[in-house]
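Okay, so here's the structure we're looking at.
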Number of protein chains: 2
Amino acid sequence: MTKKILAALAASAALSSPLAAQIAPEKVAALRDAALKDDLAWDITEGLTTEIGPRQAGSEAEARARDWAVEKLKALGFQNVHIETFDVPWWERGDASAEITAPFPQSLTLAALGNSAATPAKGLSAEVIGFDSMAALEAADPATIKGKIVFVTHRMQPAQDGSPYGPVGQIRRAGPSVASKKGAVAILIRSIGTDHHRVPHTGVQAWTDGAKPIPALALANPDADQLERVLKRGKPVTIALTVTARMAGTRKSGNVIADVPGRDPNAGIVLVGGHLDSWDLGTGAIDDASGVAITTAAAKRIMDAGQPLRTIRVVWFGSEEIGLFGGAAYARAHAKEKHALAAESDFGADRVWRFSTAVKPEALPAMKPIAEALAPLGIVTNRKNGEAGGSDTDDLQRSGVPMVSLNQDGTRYFDLHHTADDTLDKIDPEQLRQNVAAWTTLLAITANDPTEYGPVTPPRE
Amino acid sequence: MTKKILAALAASAALSSPLAAQIAPEKVAALRDAALKDDLAWDITEGLTTEIGPRQAGSEAEARARDWAVEKLKALGFQNVHIETFDVPWWERGDASAEITAPFPQSLTLAALGNSAATPAKGLSAEVIGFDSMAALEAADPATIKGKIVFVTHRMQPAQDGSPYGPVGQIRRAGPSVASKKGAVAILIRSIGTDHHRVPHTGVQAWTDGAKPIPALALANPDADQLERVLKRGKPVTIALTVTARMAGTRKSGNVIADVPGRDPNAGIVLVGGHLDSWDLGTGAIDDASGVAITTAAAKRIMDAGQPLRTIRVVWFGSEEIGLFGGAAYARAHAKEKHALAAESDFGADRVWRFSTAVKPEALPAMKPIAEALAPLGIVTNRKNGEAGGSDTDDLQRSGVPMVSLNQDGTRYFDLHHTADDTLDKIDPEQLRQNVAAWTTLLAITANDPTEYGPVTPPRE
């Protein structure tokens, strides 16, 4: 109790600290409005997706992307630009093909999920058993599954906050292990996506202890529709499947780090960023070239406006997609540094619609000027503290670092997420600029306000 | 001149023929409105795309589709249901892969065009030269093209009547021969399509005399965007390409024919239909399962309403996609029969927005009741006679057979046309029903009106 009271007193002291250390609202507004004409975020997104393209975690392309990032960040005038490497497991997609061989022969469009096993070289052929949901698969008698190809076809609906991805995504993350433990020879899931195109959604899945790796793939949504219809005819359905995916040792990945040094080294770091790696099928425009681009463009604007109080650190994380390796490596390497605040952009490039916080309660008054400055961009405030976070900043958050989020409209995010369709043409330059303006606003205030926003324990309410 | 006057007199005689031979407007309206609740067109489209799937011209799947059609048409109660076979050249797609190897290594999504040649087994690699249009390619000095991969990137805009497909589509139809004759080792075109997905648009192209077959492929639109951006960097661009497509002799194709016999064998046939074959990448839902489904469902409704004056013939044409082989075979085999009118549905399944005619001028008054009966469906009338037609009915039209068209809204047709995305989920059941209602209206009137609509020479104004 005493500790909490002391913390509250410290917070109130911070709130009453000289306004001189903060930034004037009219200056924030000017920076925000100028950012609505930003071209840098587009330039970075266009450059990374064009000159590198797909950037699978651990790949040679991801290494080229790191070099590209270092060159770009140095050219923009950031300080302390460097790469911090770490090892990641290497999974090779190889090829995948499937066809219904009975009762209605035709091929299917699908993509292997991360860490999928291969079929035998000549392929495998088995009868299909279908399930409507993860719960149905979990409830099934293993005797009905043994030797079969499992098909799980739960549909995901689009939502502004992307919330269906958590529960429905479990089919991808955990379904393969459940199917394997029940004796399935392979698993096909309906893509975890909201589109209607022949572009399957890949994504990582992890084998749980004791689950033998099997081929695990996602059907494009129209193909899942088709397999549902074929199964409904009531005749035995056989699929022939050939997959050459494989795990192949360890490779180097890395985070790219760049600073805008602050006036007060003791004021702590405001960390922003996104992830540099992408899935291999698309060019990772919305996931997540736009995230590194938006946050870098905003940091550059604050840098150019004069030295901030706090150091702004931009991190382009590596190997997010395959298991948050970059975020974990960063948290380990920088555990002793004081992080005043962290925020990640990793939900596309559509408009920011909401500002969310996960700060200590005493710091909530210091969030109000941010909310007020964001409002003219059409951004509302999430009234529930504790709902901010980010995948690459997860370990930082667990260690008590306070977080904020600028939530993007995710209604069409899962049309593109982890597919070949995640390409530059899906980004609306005007919406991208609104993002840069929001992040510029956020940084203008938080990098110049000495308020202690944390620590926050437990990290999530 | 005398002939024309005689024809006019004959037409006016027909117009003043006993109304007893015609159908009452209220009966037409009742048939039209009942068709707005049609389920048969959906049933046929769903069945054909699910139980057969892709139906490439000359393939074993197209043969299965013919058997499926015969069974379905017999079960529906049509008479004289049979298959008329003919030979077609057989082209095998095989595999195709491409990657930019310099300056920015990354793979590209593309599909071979019909009749494309293969690369050498180990692939080919060459520098790329880009052109904005067919005209720019035609104007180019062969010395700049020799040994290179030609890239033509003209964009097509969506239009309600699909009219850009004619001129822009020439890049696909004729571009490969032009590139080959100028010494190109391969040609990549921007997909002839209006979407923004990683689903390339295939389609037929024909080698002109003296053009050596080369690999000819279409890039998905986002990939064409990407290659444009890469070329704009101004560095030499190299692509490695492997294609195993090949011509492989001759196969059987066929038309499926079904009649609703009329009361008066001398009144001529009203021919309606669509094509049964599809490209191999999708399941041919909008191109053209829906076309055979709509026309068949409408003919079934007229059949069930009592024997019409004229015979209604439904034709599910084979091998349209690879060069209108089915239409040509039909016209040859049935040249001696009297066709009172012909009409094809081959432009998707979106709403019919316009009624067009290509009849002899004297028959225009007989088109008026059709236009009036279609108007409640939101269908306007094309005031210019001579603008009806259809790909499979082209040879009939050339021989003087009068035509009408129920023009569908094609604004999004070329988002899907000839891609893997041409699947059942793209069809809106309500719009499909509006199509059936329009065709039912058309058949109710024309199959019961003794007016001579033709012959029409020249076929097009």
Would a scan of the range B:240-250 turn up a residue that is at pLDDT 95 or above, in contact with a helix residue (DSSP H, G or I) (Cβ under 6 Å, 6 or more places away or on another chain), of a type outside the set (Asp, Glu) and buried (at least 24 other Cβ atoms within 10 Å of the Cβ)? no
Is it true that A:ALA143 is surrounded by fewer than 16 Cβ atoms within 10 Å (Cβ to Cβ), closer than 28 Å to A:GLU321 by Cβ, modelled with pLDDT of 95 or more and assigned by TED's automatic domain parsing to the domain that holds A:ILE171? no
Does the range B:231-267 hold any residues that are in contact with a strand residue (DSSP E or B) (Cβ under 6 Å, 6 or more places away or on another chain) and farther than 30 Å from B:GLU320 by Cβ, and which are they? B:LEU231, B:PRO236, B:VAL237, B:THR238, B:ILE239, B:ALA240
Test: residue in the range A:182-198 that is under 16 Å from A:ALA126 (Cα atoms) and surrounded by fewer than 17 Cβ atoms within 10 Å (Cβ to Cβ): yes
Please go through the range B:121-140 and give me each residue that is charged (D, E, K, R) and more than 20 Å from B:GLY234 (Cβ to Cβ), ordered by number. B:LYS122, B:GLU138
Kindly evaluate A:ASP415 against the criterion of being part of a helix (DSSP H, G or I), within 14 Å of another protein chain (Cβ to nearest Cβ) and under 16 Å from A:ALA285 (Cα atoms). yes
Look through B:ILE149, B:ILE187, B:ILE192 and report the one residue that is modelled with pLDDT of 95 or more, within 18 Å of the chain's Cα centre (by Cα) and either within 15 Å of B:ASP223 (Cβ to Cβ) or within 14 Å of chain A (Cβ to nearest Cβ) (or both). B:ILE192
Can you tell me which residue within the range A:206-220, out of those that are under 22 Å from the mean Cα position of the chain (by Cα) and crowded, with 24+ Cβ neighbours inside 10 Å, is nearest to the other protein chains (Cβ to nearest Cβ)? A:ALA220
Within the range A:225-253, take every residue that is in contact with a Phe, Trp or Tyr (Cβ under 8 Å, 6 or more places away or on another chain) and hydrophobic (A, V, I, L, M, F, W, C) and give me the one that is farthest from the other protein chains (Cβ to nearest Cβ). A:MET247
Going through B:ALA366, B:ALA388 one at a time, which residue ends up being at pLDDT 95 or above and assigned to a helix (DSSP H, G or I)? B:ALA366
List pairs: first residue in the range B:350-372 and within 22 Å of B:ASP288 (Cα to Cα), second residue part of a helix (DSSP H, G or I) anywhere in the structure, Cβ distance under 6 angstrom, at least six positions apart or on different chains. B:ASP350/B:GLN431; B:ARG351/B:GLN431; B:ARG351/B:GLN434; B:VAL352/B:ASN435; B:VAL352/B:ALA438; B:PHE355/B:ALA371; B:PHE355/B:LEU374; B:THR357/B:MET367
Just one of B:SER116, B:SER125 is hydroxyl-bearing (Ser, Thr, Tyr) and within 26 Å of B:ASP421 (Cβ to Cβ); which is it? B:SER116
Can you name the condition, by its number, that B:ASP132 falls short on among (1) touching a helix residue (DSSP H, G or I) at 6+ places or on another chain (Cβ under 7 Å); (2) surrounded by fewer than 18 Cβ atoms within 10 Å (Cβ to Cβ); (3) closer than 21 Å to B:ASP223 by Cα; (4) not hydroxyl-bearing (Ser, Thr, Tyr)? (1)
Do we have B:THR440 as buried (at least 22 other Cβ atoms within 10 Å of the Cβ), in contact with a Lys or Arg (Cβ under 7 Å, 6 or more places away or on another chain) and at pLDDT 95 or above here? yes
If only one of A:GLY390, A:GLY386, A:GLY378 is in contact (Cβ under 8 Å) with a residue 12 or more places away in the chain, surrounded by fewer than 18 Cβ atoms within 10 Å (Cβ to Cβ) and in contact with an Asp or Glu (Cβ under 6 Å, 6 or more places away or on another chain), which one is it? A:GLY386
If you go through the range A:254-274 one residue at a time, do you hit one that is part of a loop (DSSP other than H, G, I, E, B) and within 14 Å of chain B (Cβ to nearest Cβ)? no
Single residue of B:GLU84, B:GLU62, B:GLU99, B:GLU71 found to be charged (D, E, K, R), part of a strand (DSSP E or B) and more than 12 Å from chain A (Cβ to nearest Cβ): B:GLU84
Exactly one of A:TRP353, A:TRP316, A:TRP279 is part of a strand (DSSP E or B) and either in contact with a His (Cβ under 8 Å, 6 or more places away or on another chain) or not assigned by TED's automatic domain parsing to the domain that holds A:THR85 (or both), and that one is A:TRP316
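A quick yes/no check of all residues on (1) among the aliphatic types (A, V, I, L, M); (2) within 23 Å of the chain's Cα centre (by Cα):
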residue	(1), (2)
B:ALA340	yes, yes
B:GLU362	no, no
B:MET403	yes, yes
B:ASP409	no, yes
B:ASP421	no, yes
B:LYS426	no, yes
B:GLU452	no, no
Just to verify a result, which residue in the range B:81-108, among those that are more than 25 Å from the chain's Cα centre (by Cα) and among the polar types (S, T, N, Q), is nearest to B:SER180 (Cα to Cα)? B:SER97
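For (1) more than 19 Å from A:PRO215 (Cα to Cα); (2) within 14 Å of chain B (Cβ to nearest Cβ); (3) in contact (Cβ under 8 Å) with a residue 60 or more places away in the chain; (4) assigned to a helix (DSSP H, G or I), each residue gets a yes or a no:
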| residue | (1), (2), (3), (4) |
| --- | --- |
| A:PHE104 | yes, yes, yes, no |
| A:SER107 | no, yes, no, no |
| A:ALA117 | no, no, yes, no |
| A:ALA126 | no, no, yes, no |
| A:GLY130 | no, no, yes, no |
| A:LEU137 | no, no, no, yes |
| A:THR144 | no, no, no, yes |
| A:GLN160 | yes, no, yes, no |
| A:VAL168 | yes, no, no, yes |
Among the residues that make up the range B:430-443, is at least one of them within 14 Å of chain A (Cβ to nearest Cβ), within 17 Å of B:ALA35 (Cβ to Cβ) and either of a type in the set (Phe, Trp, Tyr) or part of a loop (DSSP other than H, G, I, E, B) (or both)? no
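The values are calculated or read from the model by the stated rules, or taken from the named source; none is laboratory data. Owing to the predicted nature of the structure, the values given are computational and were not obtained by experimental measurement. Here Cβ is always computed from backbone atoms with ideal geometry, including for glycine, and neighbour counts include all displayed protein chains.
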